[in-house]
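Contents: one structure, followed by commentary.
The values are calculated or read from the model by the stated rules, or taken from the named source; none is laboratory data. Everything quoted here is computed from the prediction, not taken from an experiment. We place every Cβ from the backbone using ideal geometry, glycine too, and count neighbours over all the protein chains shown. Note: accessible area is taken over every heavy atom of the protein model, side chains too, but ligands, DNA and RNA are not part of it. Shrake-Rupley method; radii C 1.70, N 1.55, O 1.52, S 1.80 Å.
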Amino acid sequence: SADRHFIIGTNLDGFLNYVREAWEEYIADVTLAVTADGMTPLDVLEEAARSYRIPYRKEHVCNHLHEMLAGLGITQSLQQISELWDQPDKLRALTEERLDPATAAHLLDHMKSIVQSHTEYEQLAGQVASAGATEQMDHEFRKQLWNWFEKKLVVVEDPHASGDRIVNQVIDCSPPGLFTRIMGMQNIKGTGLDFVYCWEAWGTCYRACEDLCSEDYEVAEQGLQVLATFQKYNELCAEKLRASIDTARHSPVSQNELFQSELMVIQSSFDAAMERLQTHLELSARGSRASLLSGVLAQIEAFLDAGDAIKRRKRANLVYKELAAARISHERAALELQDLNTRQKGGWLQYKLESLLRRKKQASAGS
């Protein structure tokens, strides 16, 4: 019982075939027939919709929209706007007045999917009410269950997708304004490992932001120093960091030139990291063109990887040597080795191309 299942890795077509085979085995015994405990066909359908997290009442759709709007900070005329869930043109006009274009578009796309699922339920419920538990209705019931389940599957085609891209894709699939739980990861390696690194970086950033906003000068300074040298900013950090910098700027403990200049350095580093991330996400965007480019680069990379493996080994030896000589910190060594580990999993040529394009873009903007 989840809203989305993210599938990442190689041989995904084979994996999905196994899923479909398991589904066919499971669904063969699913029926609308009256159960031993007296559930009617409509009761069975409603229970299935509840299990698959499908809104089977109009108030479910209305409440879903209400909570999203409230989470996005809309308080004026909240109930009236929520009741427009089945009037997309009016809802679009009102949300676009109150939200930035990207957030409004995200909310409307999500509502379109929710309303479609509710409509599918109502249509099937009407058919079941008229026909009962016939063989034909069992067929339609099983077909609809597969459609609902298949919509939950989010396939990440690129096995070298970065953790940042996975985070971004989870955000894209999450209802704006609602609290989202992410759980149940398996077989953590490659892309999965980089995904974990994103959350580790977020944990470090979060704790430093908490320290930065402390009223104790020594604690705030400690948070300041961590953030000033932090190198793994990502989209998870954005909201917390921006709020913390704004709070720290006006804090009594930060009213000196050194503290304020360090805050400017942190802001600059974060902005640069977000720009690099945006370039990366744009270049690795989904679509046939991106997939074709990734395939070509993968072939070239396979040919060049033996030479890159030698460079990775030399780089790792240098990191350990510098760490043993205390010329770099444990944190810096960990970051360098994480990068090498990620590079070993593949996709380094695409990343190198992205870096070159990013520098070219920055040079063009500077000129």
Handout entry: Which listed residue, of ALA125, ALA133, ALA93, is more than 24 Å from the chain's Cα centre (by Cα), within 23 Å of ARG53 (Cβ to Cβ) and not β-branched (Val, Ile, Thr)
Key = ALA125
Practice task
Sort through TRP202, TRP148 and tell me the only one that's open to solvent by less than 80 Å² (accessible area, probe 1.4 Å), assigned to a helix (DSSP H, G or I), at pLDDT 95 or above and of a type in the set (Phe, Trp, Tyr).
Solution key: TRP148
Problem - One residue from ARG242, ARG207 being farther than 30 Å from GLN344 by Cβ, over 13 Å from the mean Cα position of the chain (by Cα) and either assigned to a helix (DSSP H, G or I) or in contact (Cβ under 8 Å) with a residue 24 or more places away in the chain (or both) - result: ARG242
Handout entry: Answer from SER77, SER82 - the residue that is at positive phi and surrounded by 11 or more Cβ atoms within 10 Å (Cβ to Cβ)
Key = SER77
Problem - Which listed residue is within 25 Å of VAL156 (Cα to Cα) and either at pLDDT 75 or above or surrounded by 10 or more Cβ atoms within 10 Å (Cβ to Cβ) (or both), from LEU318, LEU357, LEU323 - result: LEU357
Practice task
Take LYS232 and decide whether it is open to solvent by 70 Å² or more (accessible area, probe 1.4 Å) and at pLDDT below 95.
Solution key: no
